[in-house]
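Asker: Just dropping this structure here.
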Amino acid sequence: MSKLRLNLGLVALSAIWLMAAVANAAGEEGKVAGEGGYGGPYGIGRTAAPADIAAWDIDVRPDGAGLPSGQGTAARGEGVYQTHCVACHGSNLQGVRGARGGPLVGGRGSLASKWPLKTVESFWPYATTLYDFVNRAMPFDKPGSLSPGEVYAVVAYILHRAKIIDAEEEMNAHTLPRVRMPNRDGFFPDDRPDVFDYN
Ligand code: HEC
């Protein structure tokens, strides 16, 4: 039985290969990306349009490049947090064990101690990463569902609860990159080579 299945698979593979060879012979492989698709023997796919790419191009870099327009303050962020985050990260932002949401604040100065507590407050070197991460990955059960204004607001709320910014400070594409995180100098570039040449 299993031998029969294997042979059928081989027949199918050969058929696909033959079809591809025939299409190639017909000159179909001449189509390239940018000319209406990837073409080739299968003729599938189309070139991604700028709007397709924009929908995936959400990364925010440490210097703030990629931050969208919009703004928010801790006052508005408190509401966003209570609605979308509190179930897993807790009302005091110390995490909820059963929900697997870790602590977001606290632990400042603990990294070199016997019991380091890594949080946004104690560990993260750039505030802009908070925007990037919340925007792409939170709420854990509904990532990508918050508007830029909601993300800025909840970011402001977390930074305020971490005693990094004042309650009324507005976070936007201009101000967020200028927030200095407590552990900003705790990282250094590792210039060791990826591969060591033992010869
Ligand atoms: C359903 C539970 C859940 C909800 C709701 C949720 N989170 Fe999370 N959160 C998690 C889990 C689980 C992780 C760990 C994810 C991982 O490591 O990949 C996490 C990680 C994080 C981290 C990274 C913490 C660190 O130091 O690594 C941040 C920041 C964060 N969440 C913010 C938020 C914000 C803001 C909201 C609301 C908009 C939110 N979360 C809603 C479960 C949740």
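The values are calculated or read from the model by the stated rules, or taken from the named source; none is laboratory data. This structure is a prediction, so every number in the text was calculated from the model and none was measured. Cβ: placed from backbone, ideal geometry, glycine included. Neighbour counts: every protein chain shown.
Asker: Report, by residue number, each residue of the range 173-199 that is hydroxyl-bearing (Ser, Thr, Tyr) and at pLDDT below 95.
Answerer: TYR198
Asker: Please enumerate the residues belonging to the range 118-130 that are surrounded by 19 or more Cβ atoms within 10 Å (Cβ to Cβ) and within 10 Å of the ligand (Cβ to nearest atom).
Answerer: Within the range 118-130, THR119, VAL120, GLU121, SER122, TRP124, LEU130 meet the criteria.
Asker: Would you mind telling me which numbered condition in (1) among the aliphatic types (A, V, I, L, M); (2) in contact (Cβ under 8 Å) with a residue 40 or more places away in the chain; (3) within 13 Å of the ligand (Cβ to nearest atom); (4) part of a loop (DSSP other than H, G, I, E, B) VAL155 fails?
Answerer: Unmet condition: (4).
Asker: Taking the range 53-75 only, how many residues are of a type in the set (Asp, Glu) and within 14 Å of the chain's Cα centre (by Cα)?
Answerer: 2
Asker: Among residues belonging to the range 43-94 that are more than 14 Å from the ligand (Cβ to nearest atom) and surrounded by 14 or more Cβ atoms within 10 Å (Cβ to Cβ), point out the one that is nearest to LEU176 (Cα to Cα).
Answerer: GLY64
Asker: Out of the residues in the range 171-199 meeting the condition of being among the hydrophobic types (A, V, I, L, M, F, W, C) and out of contact with any strand residue (DSSP E or B) (no Cβ under 7 Å at 6 or more places or on another chain), tell me which one is farthest from GLY70 (Cα to Cα).
Answerer: Looking at the filtered set, the residue picked out is PHE196.
Asker: While we're on this one: With LYS142, LYS163 as the choices, which residue is within 21 Å of GLY70 (Cβ to Cβ), in contact (Cβ under 8 Å) with a residue 12 or more places away in the chain and in a loop (DSSP other than H, G, I, E, B)?
Answerer: LYS142
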